[in-house]
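K.L.:
Shown below is the structure under consideration.
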Amino acid sequence: MSFYHAGSSELQERFDGTRLANRIEEIRVHHQFWPEEIDQINGAHFFFLATAYGDNVDCSYKGGEPGFVRVAGPSTLEWPDYDGNSMYRSLGNIKLNPNVGLLFVPFDSVSPRLRINGKASIVFDTDLLAAYPGAKLIVRVECSFIYKNCNRYIPKMELLESSVFSPKGDYCPPEPEWKSRDYAHDVLPSIERFKA
């Protein structure tokens with residue numbers, strides 16, 4: 001698989017960016033995590049996940065306590081899927097098209113963004129689930145391309161506190177308010193059942 005496709009190349013040529021784009025691919029794009037990237041991922045409070053299947057395109061926020069997303073191998077990362085709204089837009093796309101894009105954005109105005117493209121799979125391994133408090137399943141990504149981006153447009157922001165809904169250890173998060181709303185309370189899943 002190539003890092004650029006015809007659409008990228010056409011615009012690179014139009015705006016005289018081909019040489020720069022090729023240089024960036026040559027020296028910045030890689031297939032295994034660098035040590036500082038492992039630290040960035042393992043310490044992340046959140047990231048953004050892009051998935052698609054046909055006309056169904058989705059971008060979602062994935063968050064938790066630092067360590068919820070982990071580097072599991074030289075070019076592999078994984079994270080738990082927690083209790084949600086039962087729409088399964090991202091996971092549904094992954095079931096039909098494993099190609100994903102991940103974006104890690106540190107809002108410190110200093111650190112680079114980390115972008116990852118790869119192929120995702122859904123894992124229901126009981127032993128692995130036990131390692132992630134609150135997990136219903138695990139999403140694992142085998143990375144094809146890993147690369148950093150400049151941070152010049154990222155605002156400086158401050159993390160004040162973690163979400164009270166983030167699972168951790170023996171902590172039982174509270175139920176979200178939306179589950180008691182008229183449209184939801186009588187149709188909530190009674191038993192969470194997952195089949196590979």
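K.L.:
In nm, to one decimal, how far is the residue 30 label point from the residue 76 one, both placed 7 Å along Cα→Cβ?
P.N.:
So the label points at residue 30 and residue 76 sit 2.0 nm apart.
K.L.:
Here's another thing I want to ask about it. Is it possible to state the helix-based mean residue ellipticity at 222 nm for the chain, with each DSSP H run of 4+ residues giving -39500 (n - 2.57), the sum divided by total residues, to the nearest 500 deg cm²/dmol? What is it?
P.N.:
Details: 5 runs with 41 residues, N = 196.
Mean residue ellipticity, 222 nm, calculated: -5500 deg cm²/dmol.
K.L.:
Find the Rg to Rh ratio for the chain, where Rh is the Kirkwood radius over alpha-carbon pairs and Rg uses the same atoms.
P.N.:
On the way: Rg = 18.5 Å, Rh = 18.6 Å.
With Rh from the inverse mean 1/r over Cα pairs, Rg/Rh is 1.00.
K.L.:
If you don't mind, another one. Take the chain, connect every pair of alpha-carbon atoms lying under 10 Å apart with a spring to form a Gaussian network, then pick out the residue of 127, 58, 83 with the largest mean-square fluctuation.
P.N.:
Of 127, 58, 83, the Gaussian network model singles out 127 as fluctuating most.
K.L.:
Sticking with this structure for a sec: Would you mind computing, in nm to one decimal, how far apart the modelled labels at residue 46 and residue 168 are, each placed 7 Å from Cα along Cα→Cβ?
P.N.:
The modelled label-to-label distance comes out at 1.6 nm.
K.L.:
Between residue 15 and residue 96, what is the FRET efficiency for a Förster distance of 25 Å, r being their Cβ-Cβ separation, to the nearest 0.05?
P.N.:
On the way: r = 34 Å, r/R0 = 1.38.
Plugging the Cβ-Cβ distance into 1/(1 + (r/R0)^6) gives 0.15.
K.L.:
Return the subset of 95/168; 119/156; 62/179 for which the Cα-Cα distance in this structure is over 22 Å, preserving the input order. Each step should come with its number before you reach the end.
P.N.:
Details: 95/168 27 Å; 119/156 31 Å; 62/179 19 Å.
Listed pairs above 22 Å: 95/168; 119/156.
K.L.:
In addition: At a Förster radius of 22 Å, what calculated FRET efficiency corresponds to the Cβ-Cβ distance of residue 186 and residue 56, to the nearest 0.05? Display every interim value, and only then the final one.
P.N.:
Values: r = 27 Å, r/R0 = 1.24.
The value I calculate is 0.20.
K.L.:
Can you pull out the chymotrypsin sites (Phe, Trp or Tyr not before Pro) in region 114-196 that DSSP calls coil and that have at most 13 other Cβ atoms within 10 Å?
P.N.:
Details: sites: 124, 145, 147, 153, 165, 171, 178, 183, 194; in loops: 124, 153, 165, 183, 194.
Within region 114-196, the qualifying chymotrypsin sites (Phe, Trp or Tyr not before Pro) (loop, at most 13 other Cβ atoms within 10 Å) are 124, 153, 183, 194.
Every number here is computed from the coordinates shown, using simple stated rules; none is lab data. Only a predicted model underlies this, so the values are computations on that prediction, with no experimental measurement involved. Virtual Cβ from ideal backbone geometry, glycine too; neighbours counted across all protein chains shown.
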